[in-house]
Amino acid sequence: MDVKNLKLIQINVNHCEPAHSGVLQVARDLSLDMVAVQDPHFIKGYPPIQKFGCKTFLSGNKKTITYIFNKDLRTYFKFNTKNVVQVEIHYVDFILN
């Protein structure tokens, strides 16, 4: 993989369905590598479905979601607590926690 800047955002969607769906569409449109969502919207206990695929990691109380859209990133679930999810990302010669 060529070295390039990682593109990511963090957003609080305050349990709002249009905001949550909108940030996923923006992630696709801007080719973001990662999105961290706080206070996500859930439909029948699940976050909105992404038709373009990604890896999803949740905190214990489901108040934080990390979406990894870049399929070239090697990502590993490290741990989660009630309010936190930690994902290890291997990017070129770097390990990001």
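Tabulated data
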item	result
Contacts under 9 angstrom Cβ, first residue in the range 74-97 being within 11 Å of SER59 (Cα to Cα), partner assigned to a strand (DSSP E or B) and at pLDDT below 90, 6 or more apart	VAL87/LEU96
Strands (runs of 3 or more DSSP E) contained in the chain and holding at least 1 residues of a type in the set (D, E, K, R) and either on the phi < 0 side of the Ramachandran plot or surrounded by 12 or more Cβ atoms within 10 Å (Cβ to Cβ) (or both)	55-58, 74-80, 85-91
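The values are calculated or read from the model by the stated rules, or taken from the named source; none is laboratory data. Because the structure is predicted, anything quoted here is derived from the model rather than measured. Glycine also receives a Cβ, built like all others from the backbone with ideal geometry; neighbour counts cover every protein chain displayed.
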